[in-house]
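In what follows, a single structure is set out as structure tokens and then discussed.
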Amino acid sequence: MIRAKNIFFVLVILSFTSCITSKTAVKDFNNAEYYDASLKFEKIIKEGDAQNSYLLAESLRKSNRLWQSEKYYKDAITYGIRDEMAYYYLTLSLKANSNYDAADSLILHYLSKGKEESVLSLMRKESIHIKNLRLYPDTSYYEVKNLKALNTNYAEYSPSFSNDKLFFVSNRQSEKIYSGTGTPFTDLYEIKTKGANVDINSLKKLGENINNEKVNEGSITFSGDGMYMIFAKGNDGKSSGRNNVDLYYARYRRSGWTNPRLLNVNTTRSWDSTPFLSKDGKTLYFASNRSKGYGGTDIYKANVNRRGRWINIQNLGPEINTPGNELFPSVTEDGRLYFSSDNHEGFGGLDIFVASRKAGKITITNPGKPLNSRGDDFGINPYNATRGFFTSNRDGGSGDDDIYTFVNNDPNLKIVNYILKGTTLTPKNENKELNVLGNSSVKLLDKDENIIQETFTDDKGKFEFTVYSDEDYILIGEKENYFSTRGAFTTIGKGVDRSKLKEFITNVEFEKNLVLDKIVVNKSIVLDNIYYDLNKADIREDAAIELDKLVVILNDNPNITVELSSHTDDRSTVDYNQDLSQRRAESAVSYIVSRGVSEKRINAKGYGESQLIIPNAKTEDEHQINRRTEFKVTSYEFIEDPENGDVEEKFFNNN
């Protein structure tokens, strides 16, 4: 009887296995159900099967098991796989297994025979990485410790510290399995903590309106006051057209967290996750695989305007982002960006990196071991200048991903915060007395006019930016129905010598105010220092410098059209002066149009001697005042000052 049962059990297994085909495995793979796909490929794979060997290796890599994929990438190459990326991924898996010699040999072999330039470029880069990694010591000033009181044999990851609580992601209590990884669905948890000392009795899952047993909840971040949060959430199949991970927003009320709603930074066809909010809540950093990026997932940032919408969504650029994956950003008060990447110079899998900016250049550094390991190291969350939390699935952990604490014991570490503060102002009257102009937009640009940051002033017109040493900047102030105004600022020569600092943290503050003039239609504004040679209309070099300032005004204020006028004194005939002023106005307008301004936005008008400021002028200085070039706004798009609106509605997607 027992034998009969065993035979029946074997027959069931064989029947189940026979139902698994290459087609069903590929279907799982194409549906991003990589764990399920890997199980099926393992059952059907045969010797000599290059394509399925490669897909099995890819399934393992994509389900966070890069080190297990080595054998199958080797098999795929041995069996003649045509996709040359197999060589690159095999290199990464060898590196993840600390087999640097084999990785070096593979790179040399491929560089001698490879044909795909994109893969050749990646392999050359990896060759340099491996050479440098051999020089890294096994220790550094970082001290790390597994937070054993919190971790289980399940996954705990992406810690976020807020108001003496540690929030994190875990699949410890989930019963339903996510087919993409073969592990339970993840939820968001919170626990009270004093630094790294957690109160395990306070551990609890966030409410059912936040967590869904059939959806993966992911990384979470908080405003400085802890009253609103942004977190990642997988699709539940109910939101039409949304097939991936999106960012959601919720606000804390007396009864708890409000129902989450979509942020307007999401795109319907992309994975948008791993959010981080700046301390002032005005800048959001996140990772996305949206189109037109540099590789897999890239890091982006966005600013919130005073209407509460996220704007200026920017890719952080090729210094940060690579053909691989960059994600899990976090930013310190002094402007350093922590992030994880599988394509910068790392030890295997995801490594933690630090991006620092100085003199307009970004430098990427790997903090080394033990902060990084051969496993995946990610989700770093500093809660002060030297301490914080991060995630790793390194050897010796409690289970899957674990949360660790870190301390930076560098005795030479000195934190310098360069802070630029200012106020937006506007003239009160013709005497140029100034009043505060609140609720304005202020942009910080680098010398090449790339936007570094944008903020919005409060009712008192105050703004503040983190800036960096040895760099030139441009500030642009904007407000509805006012001229946008520029101001130059520099930190060159204003930095401090860290070696001479005694305090651990030093704040260096600068001040730069911006004055914005109200747009008044048909109000003439004199352009100083526009001079012409006697009886000529040609634009001189000194006049071109001044006209370039008007070009900037027109570029910064695209909603205005202007008249540029030329005036003479009265020391010649009326007809002659009229003709000369018209030629000069037209010459000036032609110059401005040549600088890229649409001719539809500017009109030339010569007034001759018909609008003398000083009639019957006697002295040369008085005649010079009459000889002038002016512009005036003839029309512009008037914008109603927006209502503040309901704060609760600020961050939501209007789609």
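Residue pairs, Cβ under 6 Å, 6 or more apart or interchain, first in the stretch 427-443 and farther than 17 Å from Lys282 by Cα, second small (Gly, Ala, Ser) and in a loop (DSSP other than H, G, I, E, B). List them.
Short answer, once both residue conditions are applied: Val436/Gly461; Leu437/Gly461.
Return the residue satisfying two criteria in turn: it lies in the stretch 491-505 and is under 13 Å from Lys358 (Cα atoms) and in contact with a strand residue (DSSP E or B) (Cβ under 8 Å, 6 or more places away or on another chain), and of such residues it is surrounded by the fewest Cβ atoms within 10 Å (Cβ to Cβ).
Among those residues, the one meeting the criterion is Ile492.
For the stretch 249-274, enumerate the residues that are touching a residue at least 24 places away in the same chain (Cβ under 8 Å), part of a strand (DSSP E or B) and either among the aromatic types (Phe, Trp, Tyr) or more than 28 Å from Ala32 (Cα to Cα) (or both).
Result: Tyr249, Ala250, Arg251, Tyr252, Gly256, Trp257.
May I ask you to say which residue of Ile476, Ile451 is under 29 Å from Ile602 (Cβ atoms) and touching a helix residue (DSSP H, G or I) at 6+ places or on another chain (Cβ under 8 Å)?
Ile476
Just to be sure, is Ile525 hydrophobic (A, V, I, L, M, F, W, C), modelled with pLDDT under 95 and out of contact with any Pro (no Cβ under 8 Å at 6 or more places or on another chain)?
So Ile525 fits the description; yes.
I'm told Arg584 meets every condition in (1) in contact (Cβ under 8 Å) with a residue 40 or more places away in the chain; (2) outside any helix (DSSP H, G or I) except one. Can you identify the failing condition by its number?
Of everything listed in (1) in contact (Cβ under 8 Å) with a residue 40 or more places away in the chain; (2) outside any helix (DSSP H, G or I), Arg584 misses just condition (2).
Which ones in the stretch 182-213 are surrounded by 13 or more Cβ atoms within 10 Å (Cβ to Cβ) and either within 18 Å of Pro260 (Cα to Cα) or touching a Gly at 6+ places or on another chain (Cβ under 6 Å) (or both)?
Result: Thr186, Asp187, Leu188, Tyr189, Glu190, Lys205, Leu206, Gly207, Ile210, Asn211, Asn212.
Which one is nearest to the chain's Cα centre (by Cα) among residues in the stretch 467-490 that are within 21 Å of Ile362 (Cα to Cα), hydroxyl-bearing (Ser, Thr, Tyr) and buried (at least 19 other Cβ atoms within 10 Å of the Cβ)?
Top of the filtered list is Tyr468.
Quickly run through the stretch 289-317 and pick out the residues that are among the hydroxyl-bearing types (Ser, Thr, Tyr) and within 20 Å of Asn381 (Cβ to Cβ).
Thr297, Tyr300
Restricting attention to the stretch 602-617, does a residue exist that is within 21 Å of Asp517 (Cα to Cα), charged (D, E, K, R) and surrounded by 13 or more Cβ atoms within 10 Å (Cβ to Cβ)?
No, there is no match, as no residue in the stretch 602-617 is within 21 Å of Asp517 (Cα to Cα), charged (D, E, K, R) and surrounded by 13 or more Cβ atoms within 10 Å (Cβ to Cβ).
Within the bounds of the stretch 531-545, is there any residue that is surrounded by fewer than 18 Cβ atoms within 10 Å (Cβ to Cβ) and either under 16 Å from Gly477 (Cβ atoms) or at pLDDT 90 or above (or both)?
yes
Please enumerate the residues belonging to the stretch 281-290 that are surrounded by fewer than 24 Cβ atoms within 10 Å (Cβ to Cβ) and either farther than 13 Å from Ile313 by Cα or of a type in the set (Phe, Trp, Tyr) (or both).
Gly281, Tyr285, Asn289
Let's see how each residue does on (1) surrounded by fewer than 21 Cβ atoms within 10 Å (Cβ to Cβ); (2) outside any strand (DSSP E or B); (3) touching a Ser or Thr at 6+ places or on another chain (Cβ under 6 Å):
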| position | (1), (2), (3) |
| --- | --- |
| Ile220 | no, no, yes |
| Gly224 | yes, yes, no |
| Leu247 | no, no, no |
| Lys279 | yes, yes, no |
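Out of (1) surrounded by fewer than 20 Cβ atoms within 10 Å (Cβ to Cβ); (2) farther than 18 Å from Phe406 by Cβ; (3) among the hydrophobic types (A, V, I, L, M, F, W, C), the odd one out for Ile107 is which?
If we test Ile107 against (1) surrounded by fewer than 20 Cβ atoms within 10 Å (Cβ to Cβ); (2) farther than 18 Å from Phe406 by Cβ; (3) among the hydrophobic types (A, V, I, L, M, F, W, C), just (1) comes out false.
Quick check on my filter: what residues within the stretch 318-345 are aromatic (Phe, Trp, Tyr) and either surrounded by fewer than 22 Cβ atoms within 10 Å (Cβ to Cβ) or closer than 20 Å to Lys358 by Cα (or both)?
Tyr338, Phe339
Within the stretch 300-390, considering only strands (runs of 3 or more DSSP E) that don't extend past its boundaries, which have at least 2 residues that are aromatic (Phe, Trp, Tyr), touching a strand residue (DSSP E or B) at 6+ places or on another chain (Cβ under 8 Å) and touching a residue at least 12 places away in the same chain (Cβ under 8 Å)?
Counting at least 2 such residues, we get 337-341.
Quick one: Leu106 ticks every box in (1) under 18 Å from Asn64 (Cα atoms); (2) at pLDDT 95 or above except a single one, so which number is it?
(1)
Table: residues versus (1) over 16 Å from Lys536 (Cα atoms); (2) not in a strand (DSSP E or B).
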{"site": "Gly596", "(1), (2)": "yes, yes"}
{"site": "Asn603", "(1), (2)": "yes, no"}
{"site": "Gly606", "(1), (2)": "no, no"}
{"site": "Pro615", "(1), (2)": "yes, yes"}
{"site": "Lys618", "(1), (2)": "yes, yes"}
{"site": "Glu622", "(1), (2)": "yes, yes"}
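The values are calculated or read from the model by the stated rules, or taken from the named source; none is laboratory data. Everything numeric in this text was worked out from a predicted model, so none of it was measured. Positions of Cβ are generated from backbone atoms using ideal geometry, with glycine treated the same way; all protein chains shown enter the neighbour counts.
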